[in-house]
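Undergrad: I have a structure here, written as structure tokens, and I will follow up with some questions on it.
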Amino acid sequence: ISTMPGKLGVNGIAAPQSTLDVNGGVRTLVSTVSALPACGSANEGDRRSVSDANATTFLSVAAGGGSNHVPVYCNGTAWVIGG
């Protein structure tokens, strides 16, 4: 279920804007850079984690082929590291 404005929730119904308070860790499933969906305006703001980044430089475009585990962020154009 999505709680982001403009994203669809259950059964194609727009989810309300809300706040999520977490008292504990938040687990993001890990994939490879090549398994990430295309980054575009539809998924701008999405966050993922990758296991094969070739760099760790903050806000650099994520590319595979390395062994770095890093968080990535879709900025609407590209998946960037640590965003």
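Undergrad: Under a plain spin-label model, where a point goes 7 Å from the Cα along Cα-to-Cβ, how far apart in nm are ASN68 and SER34?
TA: 2.0 nm
Undergrad: In nm, to one decimal, how far is the LEU59 label point from the ALA42 one, both placed 7 Å along Cα→Cβ?
TA: With each label point 7 Å from Cα toward Cβ, the separation is 2.8 nm.
Undergrad: To continue, here is another question. Long-range amide H contacts for VAL72: which residues qualify at under 5 Å (H placed 1.01 Å from N, peptide plane, sequence gap of 5 or more or a different chain)?
TA: ARG48, SER49, VAL50, GLY82
Undergrad: Which Rg and Dmax, in Å, describe the Cα atoms of the range 36-83?
TA: Every Cα atom of the range 36-83 included, Rg and Dmax give 9.6, 29 Å.
Undergrad: Accessible area per residue, 1.4 Å probe, Å², for the range 31-83: what's the number? Before the final figure, lay out each step's value.
TA: Values: 2800 Å² over 53 residues.
With all protein chains present, the range 31-83 gives 53 Å² per residue.
The values are calculated or read from the model by the stated rules, or taken from the named source; none is laboratory data. Keep in mind the model is a prediction, meaning the values are calculated, not measured. Cβ sites come from the backbone with ideal geometry, for glycine too, and all protein chains shown count toward neighbours. Each accessible area value is taken on the protein alone, full model and side chains, heavy atoms only, with ligands, DNA and RNA left out. Shrake-Rupley method; radii C 1.70, N 1.55, O 1.52, S 1.80 Å.
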